[in-house]
1. Pairs only if they're at least six apart or on different chains, beta carbon under 9 angstrom, first in segment 254-280 and among the hydroxyl-bearing types (Ser, Thr, Tyr), second exposed (fewer than 14 other Cβ atoms within 10 Å of the Cβ) and not in a helix (DSSP H, G or I); list them, first residue then second.
2. Among the residues of segment 186-207, write down those that are open to solvent by less than 10 Å² (accessible area, probe 1.4 Å) and not aliphatic (A, V, I, L, M).
3. Taking segment 210-254, which residues are under 30 Å from LEU199 (Cα atoms), open to solvent by less than 30 Å² (accessible area, probe 1.4 Å) and not polar (S, T, N, Q)?
4. Condition first: among the acidic types (Asp, Glu), open to solvent by less than 60 Å² (accessible area, probe 1.4 Å) and over 22 Å from ARG246 (Cβ atoms). Can you find one or more residues in segment 62-75 that meet it?
5. Do we have ASP105 as at pLDDT 95 or above and surrounded by fewer than 17 Cβ atoms within 10 Å (Cβ to Cβ) here?
6. For segment 154-171, which residues satisfy the criterion of being closer than 22 Å to GLU255 by Cα and among the aliphatic types (A, V, I, L, M)?
7. Checking the conditions here, which among ALA22, ALA49, ALA37 is buried (at least 19 other Cβ atoms within 10 Å of the Cβ), at pLDDT 95 or above and under 30 Å from ASP164 (Cα atoms)?
8. Listed residues GLY96, GLY159; which is open to solvent by 20 Å² or more (accessible area, probe 1.4 Å), of a type outside the set (Val, Ile, Thr) and under 30 Å from LEU228 (Cα atoms)?
Amino acid sequence: MTPSPLRILVTGAGGQVGSEVAAHLPHHDVVSLDRAACDLADRDSVEQAVAAAAPSAVVNCAAWTDVDGCEADPERAVLVNALGVRHLAVACARAGAHLVHVSTDYVFAGDKDGPYDEWDEPAPRSVYGRSKLGGEREVARHAGSWAIARSSWIFGRRGRNFVDTIVGRAREGAPLKVVDDQRGCPTYAPDLAGALARLAVERRAGVFHVTNQGRCTWHDLACAAVELAGLDPSVVGVTTTAELGRPAPRPANSELSGAAWAAAGMTPLRPWREALAEKLAVPAPASAGAGA
């Protein structure tokens, strides 16, 4: 029996993940808004968007995800990723809408030996991580009905992402050096979007870690992408995080264990290599616009 259609609002719908959510909700009324239509930093914009849509659920894919940019401009990071999420959480509570919020592996310090599960204590080391943890806390305090989906190393079919950058540079014959001292779980945006849609429709509550199965280093991911694109993976050299000297600290360990997801009886996402092969075999769809 097909469930009754729900109205679901998607914010950040111009980005890698937000642009994919509607495809997983074919029997529901989806309102997709990009940053121009719903700017988290603007309280009035958020309240008007939620009130106008009158949704049963909201999937929030909007964020400022430029890690080094956040380090240079902490005020903007907090305004969008923390205070902006407060605006949305309050508006959802007023509307009686279930809020599904996307968060990140950067809320953890990255020094644990094994994978982080949903009950590990966050300890972010970057401005980006602290701002995203702030957003999580705003959701828990103000949303009423909510789920938080932490994910990591997202690559999709639209917008800028690591996989497209690496494959593009390999095709151009540009020199490539990728860090081999950070490990994590790559996540395909369409697969994550499907999980978010399920959390919204089923009104699942709590914190979930949602990634594709398997772990690797950034260098492993780069080599796999180049090889699947039909190029020689030996062109991908090795470097270290220290040698790169990026402004914001990166977690050495970004592995997320989906213990809560599995315990809730939900099917794990497919292995990341399988998802990567699909991405590189299928042409990207037309651009959905600028990301949020």
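1. If the second residue must be exposed (fewer than 14 other Cβ atoms within 10 Å of the Cβ) and not in a helix (DSSP H, G or I), the pairs left are SER257/GLY114.
2. PRO186, THR187, TYR188
3. VAL210, CYS216, LEU221, ALA225, PRO251
4. No, every residue in segment 62-75 fails to be among the acidic types (Asp, Glu), open to solvent by less than 60 Å² (accessible area, probe 1.4 Å) and over 22 Å from ARG246 (Cβ atoms).
5. Values: at pLDDT 95 or above: yes; surrounded by fewer than 17 Cβ atoms within 10 Å (Cβ to Cβ): no.
In short, no.
6. Scanning segment 154-171 gives ILE154, VAL163, ILE166.
7. Step by step, each of ALA22, ALA49, ALA37 is checked, and only ALA22 is buried (at least 19 other Cβ atoms within 10 Å of the Cβ), at pLDDT 95 or above and under 30 Å from ASP164 (Cα atoms).
8. Only one candidate passes the filter, namely GLY159.
The values are calculated or read from the model by the stated rules, or taken from the named source; none is laboratory data. Just so it is clear, the model here is predicted, and its values are computed rather than measured. So basically every Cβ, Gly included, is an ideal-geometry build from the backbone, and we count neighbours across all protein chains shown. The area values use the complete protein model at the heavy-atom level, side chains included, leaving out ligands, DNA and RNA. Shrake-Rupley method; radii C 1.70, N 1.55, O 1.52, S 1.80 Å.
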